[in-house]
1. For Ser59, all conditions in the list (1) among the polar types (S, T, N, Q); (2) in a loop (DSSP other than H, G, I, E, B); (3) under 30 Å from Gly154 (Cβ atoms) hold save one; what is the number of the exception?
2. Considering Ser59, Ser52, which residue is of a type in the set (Ser, Thr, Tyr) and open to solvent by 50 Å² or more (accessible area, probe 1.4 Å)?
3. Considering only region 90-98, I want to know if a residue exists there that is farther than 30 Å from Leu180 by Cβ, modelled with pLDDT of 95 or more and in contact with a Leu (Cβ under 6 Å, 6 or more places away or on another chain).
4. Which of the residues that make up region 165-191 are open to solvent by 30 Å² or more (accessible area, probe 1.4 Å), closer than 17 Å to Lys205 by Cβ and over 15 Å from the mean Cα position of the chain (by Cα)?
5. In a strand (DSSP E or B) and hydroxyl-bearing (Ser, Thr, Tyr): is that true of Ser24 in this structure?
6. Could you look through region 10-67, keep only residues that are small (Gly, Ala, Ser) and within 21 Å of the chain's Cα centre (by Cα), and pick out the one that is nearest to Ile97 (Cα to Cα)?
7. Note down all Cβ pairs under 6 Å where the first residue falls in region 26-45 and is under 17 Å from Ser95 (Cβ atoms), the second is part of a strand (DSSP E or B) and of a type in the set (Ser, Thr, Tyr), and they're at least six residues apart or on different chains.
8. Residues that are within 22 Å of Leu68 (Cβ to Cβ): which strands (runs of 3 or more DSSP E) entirely in region 144-211 hold 1 or more of them?
Amino acid sequence: MDNIQVFDGIKEESKIKIRKLLNSKILNKNEILFNERDNLEKLFFLKDGKISVFKMSESGERKIIFILNKGEMINELLIDGIKTSSIGCEAFEKSIILECNAEDFIKVMEDDLRLTKNILVHIQNRNRRLYRQVKNSISIRIDKKLAAKLYRMGKEFGVKKGQWTFLNVNLTITYIAEMLGCKRETLSRAMKILQDEDLVKLEGKKVYIRMEGLSKYFKGM
């Protein structure tokens, strides 16, 4: 549990209590952790791997909201009688999950201000990510939406390779389309535009981007 962000700096007593509460399990790639509107009584934390957070549209199409990296808290802390999840989660790759009973976790929070503050900061940061996504989804061309999404992923998963940044995450055109909530064919056309602008380079399943160029592209008029 030492790499879980919300446990940073909490009381040693709290760590001992939480270790006793936590159980671990392995999720294989594409395995569902929970679905939207499932009743949840547990909190989940990502010890290793990557997790996709998604929502389903009224037409049954899936929209990827986030890809979470190791160390992150996965789901919401449901309180005041609310038990239904607002999101679904599945393993983007083979992952190790830590889980505990939510009510027992809240009891630990009651005696540890730092833990409570960490949870609030986590919620704040998650909300800010959502606000950026909303901003980038309103009245913006799909190529600019794609540029913004790739830039964000470069910040989270990028590895510098000379003038390019390699996205160290296994992406497909179909998956990126689900992240943007568009058709695969539409995404392919937008990707071609960015390639023609020399902002994106595809080598097989590997995606390389120019961070500064993408930033200027999606921020431009």
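1. (3) is the only condition that Ser59 fails.
2. Step by step, each of Ser59, Ser52 is checked, and only Ser59 is of a type in the set (Ser, Thr, Tyr) and open to solvent by 50 Å² or more (accessible area, probe 1.4 Å).
3. Here is the first cut: in region 90-98, the ones farther than 30 Å from Leu180 by Cβ are 98.
With modelled with pLDDT of 95 or more added as a condition, the list becomes 98.
Next cut, in contact with a Leu (Cβ under 6 Å, 6 or more places away or on another chain) only: 98.
Yes.
4. Correct list: Phe166, Thr172, Ile173, Thr174, Arg184, Ser188.
5. yes
6. Pass one, region 10-67, residues small (Gly, Ala, Ser): 14, 24, 49, 52, 57, 59-60.
The next check asks that each one be within 21 Å of the chain's Cα centre (by Cα); those that pass are 24, 49, 52, 57, 60.
Values: Ser24: 5, Gly49: 9, Ser52: 13, Ser57: 27, Gly60: 27 Å.
Here the residue is Ser24.
7. Matching pairs, first to second residue: Leu27/Ser95.
8. 158-161, 164-167, 206-209
The values are calculated or read from the model by the stated rules, or taken from the named source; none is laboratory data. Predicted model, so just to flag it, every value in this text is computed and none were measured. Glycine gets a Cβ as well: all are built from the backbone with ideal geometry, and neighbour counts include every protein chain shown. We work out accessible area using only protein heavy atoms, side chains counted, and drop any ligands, DNA or RNA first. Shrake-Rupley method; radii C 1.70, N 1.55, O 1.52, S 1.80 Å.
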